Amino acid sequence: MRDELISDLDAFFGKNYSNFDLISALPSYEPVTIAMLLRSGNRVTDGQNTVNERRKICYQPHKDELLAELKERYVDNSFTYSFRVAPVRQRINSLFAAHSKGGALILRLVKRYGEEPAHMPEKLGITPYAWKKILRGYFLPEKVLLFKLCLTLGTSREDGYALLKAFGAYYDFEDARDVVVRYLTEYRVFNRDMIDRAFEEYKLKKIL
């Protein structure tokens, strides 16, 4: 099962990871022309998309070697706090509201997926005080905390997108962590051991 997980994840990663500076610097990287791409049976109509697509790992002649090199060299140097203080106007508004719009969405999702709101601070690794402030809108969750919510609750793709959008976050496919989390949520892989295995395979800092 674990071999199948990594095989599927590698295929997804090869099609979506877009840090072309890193990809092109790997020893096994070879330039792929548009003609080669079209000959392989890929019908691409947008010129810019064609340029970007041909630089993806999945189109490389030695994609397995290239991906192995990337895994070996990749350094996860990303760091963010779990939340940040909201702008002044939003903090003032939070004094007069039980929940912010984003906080209300979080609560709906927590309840929809069968969790108790009171248990979420411990599951997410934050204090009850911070949890209360997030729900009211005084604190804004950073992307890493939104990812934790998605993986902890086991959200659908649509609910995960809605959660990210509510706080101005998005998947950045130049970041290996974002690609791995997108795979896990896209294919509903929420088993903790499998999540840990996926993070370990790409040498990513665990977020759960």
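Worth pointing out:
- Options F173, F96, F147; residue that is open to solvent by 40 Å² or more (accessible area, probe 1.4 Å), of a type in the set (F, W, Y) and in contact with a Ser or Thr (Cβ under 9 Å, 6 or more places away or on another chain): F173
- None of R89, R84, R108 is of a type in the set (D, E, K, R), touching a residue at least 24 places away in the same chain (Cβ under 8 Å), farther than 23 Å from D196 by Cβ and open to solvent by 30 Å² or more (accessible area, probe 1.4 Å) except R84.
- Single unsatisfied condition, I126 versus (1) open to solvent by 70 Å² or more (accessible area, probe 1.4 Å); (2) out of contact with any Lys or Arg (no Cβ under 8 Å at 6 or more places or on another chain); (3) touching a residue at least 24 places away in the same chain (Cβ under 8 Å): (1)
- Residue list for the stretch 1-24, restricted to those being open to solvent by less than 70 Å² (accessible area, probe 1.4 Å) and assigned to a loop (DSSP other than H, G, I, E, B): Y17, S18, N19
- 2 or more residues farther than 17 Å from F167 by Cβ and modelled with pLDDT of 95 or more: qualifying helices (runs of 4 or more DSSP H) within the stretch 55-142: 63-73, 101-112, 120-124, 128-136
- Residue list for the stretch 72-105, filter: more than 25 Å from D159 (Cα to Cα) and of a type in the set (S, T, Y): Y74
The values are calculated or read from the model by the stated rules, or taken from the named source; none is laboratory data. All values reported here derive from a predicted model rather than from experimental measurement. Counting neighbours? That spans all protein chains shown, and the Cβs are built from the backbone with ideal geometry, glycine included. These area figures cover heavy atoms from the full protein model, side chains too; ligands, DNA and RNA do not enter into them. Shrake-Rupley method; radii C 1.70, N 1.55, O 1.52, S 1.80 Å.
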